[in-house]
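The values are calculated or read from the model by the stated rules, or taken from the named source; none is laboratory data. Treat the numbers as computed from the prediction; the structure is a model and nothing was measured. Here the Cβ positions follow ideal geometry from the backbone for every residue, glycine too, while neighbour counts run over all protein chains shown.
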Amino acid sequence: MKYLIDGYNLLHALGLLRARAGPGDLLRARLGLLRFLRSALGDEASSATVIFDADRAPAGLPDTEDYEGIHIRYAVHEPEADDLIEDIIRQQALPHDLAVVSDDHRLQRAAQRRNCKALGCGDFLDWLEQRPKRAQPVPPQPGGKPQTVSAEELRRWLAEFGDLQHDPNLKALSEPEEWQEIDSM
């Protein structure tokens, strides 16, 4: 199965992106999503393509990138990511082997018209949580602390503490002055 993922849609579902995000926040959120997907999909990461809007992207952004096997496409030449996702769905040679991950009803209908599997973000995250892990088990660390967290645990932590990244008092403690200057630009 191949996965076509509406990137910003899944970012919001995971709680990684707030409504008022600055340029640095978008980059951190995208990297957080890609790390999460790489960990959750394991050996299947190369079967995932994540589509991001590019309307607020820096000049010179490439159309495509790769993150540890995950394919990334930016809607640089499209009005929005949804248009690029629909184009990819239309061009899919084996649509029954494609799962489209988005809460956008327009994309879900486009996937269903082509006999692709349409998954809402919550359903996709639940599926990731419930499926058997294919990667080799991680040996326990001394002290018994786990090296990774489950998707559900990540969602709980982000829901509980996600807004702390915008607390100016904590930001001053955790980031060098140079980073604060970059974020304020």
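Before moving on, here are some points about what is shown:
- The single residue among Ala48, Ala81 that is touching a Leu at 6+ places or on another chain (Cβ under 7 Å) and either small (Gly, Ala, Ser) or within 14 Å of Val101 (Cα to Cα) (or both) turns out to be Ala48.
- Where Asp103 falls short, out of the listed (1) touching a residue at least 12 places away in the same chain (Cβ under 8 Å); (2) part of a loop (DSSP other than H, G, I, E, B); (3) surrounded by fewer than 17 Cβ atoms within 10 Å (Cβ to Cβ): (3)
- Given (1) under 15 Å from Ile5 (Cα atoms); (2) in contact (Cβ under 8 Å) with a residue 12 or more places away in the chain, index of the condition Asp87 fails: (2)
- Pair list, Cβ under 7 Å, 6 or more apart: segment 11-28 residue at negative phi and surrounded by fewer than 17 Cβ atoms within 10 Å (Cβ to Cβ), other residue at pLDDT below 85 and of a type in the set (A, V, I, L, M): Gly24/Ile182
- Selection of segment 106-123 for residues being within 14 Å of the chain's Cα centre (by Cα) and either in a helix (DSSP H, G or I) or surrounded by 18 or more Cβ atoms within 10 Å (Cβ to Cβ) (or both) yields Cys121, Gly122.
- Failed condition for Ala81, given (1) under 15 Å from the mean Cα position of the chain (by Cα); (2) of a type outside the set (Val, Ile, Thr); (3) surrounded by fewer than 20 Cβ atoms within 10 Å (Cβ to Cβ): (3)
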